[in-house]
């Protein structure tokens, strides 16, 4: 199979779909890989490094898309990229389609086979291709909150960890999954007072067992969110419904109750956002203020640390890339029910039920779609 790796073009996105090591694994198995010139600069891998791994170098994205049977990316295709997809071409990347009807319509029109990292599952019902980036995003979320609390950034001037005799920040994390646990870990390590809300008692029990007295856990209800948000210096939105739009758990009225200079960090923004006042921002212009509350809503947070993020992502995605390349996409999908759950769009039809519901499109069962 011929695999193509274009340079990412989302604002300030410096990750890359395949590392040189991953390219080498594919080439050793007899596959061809074409990488766009400069695609690996953000992780410190120049064109010569990719060539040494066995890749061909293409000058532009159009050449990559034209040559590839499968395109491996990191972020969702931008309109110029979607326009280059063709029928039966495989796209393997993050898609986050539920809040993005324009992208969905483009993928449907392309008649490509589109597999989303964020809906691939494992034997325990987890999301193994989302988990590494969720871990990175959770850790970055606390860092972003700490910086945004600084007075020159519009924050209230509270030091996240405090100093002896002066308490640290009150940090509320909504959602105790991978993002929330990692956000809490960094906040606790910095010396903040941390409260995590979740609706799953098992998640709350796990967090208490791990962090002990360093954390307060609260069963998530509307009343609990209202109370904790109003008292918080920083709130991190870490909720996720696989494939679906994120629930808006913090309303605009709740934001109005927060102290001036408080901070909201919306890690769920690429799934539509957990805060009613959120809108996507970029690394180049990461924050805005609503009701005197600083909002950090960067939709590709792990792109800020591309070396760590790319290698962590490839550790999770490479086995699936190899399976698709070695066996063909239909056989790989039929052989692995977890990879099959990653199939979101197949030759013009939506095959992921949450995405179909969110966008108001008809849903076709994934196996039925493979059968034609």
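The values are calculated or read from the model by the stated rules, or taken from the named source; none is laboratory data. Note that the structure is predicted; figures quoted are calculated from it, not measured. Note that we place each Cβ from the backbone using ideal geometry, even for glycine, and neighbour counts take in every protein chain shown.
Search the range 239-264 for residues being loosely packed, with under 15 Cβ neighbours inside 10 Å and touching a residue at least 40 places away in the same chain (Cβ under 8 Å), and hand back the single one that is nearest to residue 298 (Cα to Cα).
For the range 239-264, the residue satisfying everything is 241.
Say whether the condition of being more than 26 Å from the chain's Cα centre (by Cα), more than 18 Å from residue 138 (Cα to Cα) and assigned to a loop (DSSP other than H, G, I, E, B) is met by at least one residue in the range 260-280.
Initial filter on the range 260-280 (more than 26 Å from the chain's Cα centre (by Cα)): 260-261.
Now narrow it down to the ones that are more than 18 Å from residue 138 (Cα to Cα): 260-261.
Remaining after also requiring assigned to a loop (DSSP other than H, G, I, E, B): 260-261.
Yes, because at least one residue in the range 260-280 is more than 26 Å from the chain's Cα centre (by Cα), more than 18 Å from residue 138 (Cα to Cα) and assigned to a loop (DSSP other than H, G, I, E, B).
State the number of residues belonging to the range 15-71 that are crowded, with 16+ Cβ neighbours inside 10 Å, in contact (Cβ under 8 Å) with a residue 60 or more places away in the chain and closer than 16 Å to residue 322 by Cβ.
Adding up the residues that qualify gives 11.
Residue by residue through the range 105-138, note down the ones that are part of a helix (DSSP H, G or I) and over 30 Å from residue 235 (Cβ atoms). Step through it out loud before you land on a result.
Kept after step one, since they are part of a helix (DSSP H, G or I), are these residues of the range 105-138: 105-110, 117-119, 131-138.
Answer for the range 105-138, where residues must be part of a helix (DSSP H, G or I) and over 30 Å from residue 235 (Cβ atoms): 105, 106, 107, 108, 109, 110.
Which fully enclosed strands (runs of 3 or more DSSP E) of the range 1-60 have 2 or more residues being under 27 Å from the mean Cα position of the chain (by Cα) and modelled with pLDDT of 95 or more?
Once the strands (runs of 3 or more DSSP E) in the range 1-60 are filtered for at least 2 residues that are under 27 Å from the mean Cα position of the chain (by Cα) and modelled with pLDDT of 95 or more, what remains is 2-5, 32-36.
Confirm whether residue 305 is closer than 15 Å to residue 174 by Cβ and either surrounded by 24 or more Cβ atoms within 10 Å (Cβ to Cβ) or modelled with pLDDT of 95 or more (or both).
No, not satisfied.
Could you check the range 296-372 for helices (runs of 4 or more DSSP H) lying wholly inside it with 1 or more residues that are in contact (Cβ under 8 Å) with a residue 40 or more places away in the chain and under 29 Å from residue 276 (Cα atoms)? Reasoning before the result, please.
On the way: elements: 306-327, 329-335, 337-340, 353-359, 366-370.
Qualifying helices (runs of 4 or more DSSP H): 306-327, 353-359.
For the range 159-178, check the following and say yes or no: at least one residue is under 19 Å from residue 15 (Cβ atoms) and surrounded by fewer than 24 Cβ atoms within 10 Å (Cβ to Cβ).
Within the range 159-178 (the criterion being under 19 Å from residue 15 (Cβ atoms) and surrounded by fewer than 24 Cβ atoms within 10 Å (Cβ to Cβ)), the answer is yes, since at least one residue qualifies.
From the list 182, 200, exactly one residue is out of contact with any strand residue (DSSP E or B) (no Cβ under 8 Å at 6 or more places or on another chain) and crowded, with 17+ Cβ neighbours inside 10 Å. Which is it? Steps first, answer last, please.
Working: 200 fails: crowded, with 17+ Cβ neighbours inside 10 Å.
Answer to the selection: 182.
Just one of (1) surrounded by fewer than 24 Cβ atoms within 10 Å (Cβ to Cβ); (2) touching a residue at least 40 places away in the same chain (Cβ under 8 Å) trips up residue 125, so point out which.
That leaves (2) as the condition not met.
When the range 80-102 is examined, which residues are found to be in contact with a helix residue (DSSP H, G or I) (Cβ under 8 Å, 6 or more places away or on another chain), on the phi < 0 side of the Ramachandran plot and part of a loop (DSSP other than H, G, I, E, B)?
Once the filter is applied, which keeps residues that are in contact with a helix residue (DSSP H, G or I) (Cβ under 8 Å, 6 or more places away or on another chain), on the phi < 0 side of the Ramachandran plot and part of a loop (DSSP other than H, G, I, E, B), the range 80-102 yields 83, 84, 85, 86, 87, 89, 94, 95, 97, 98, 99.
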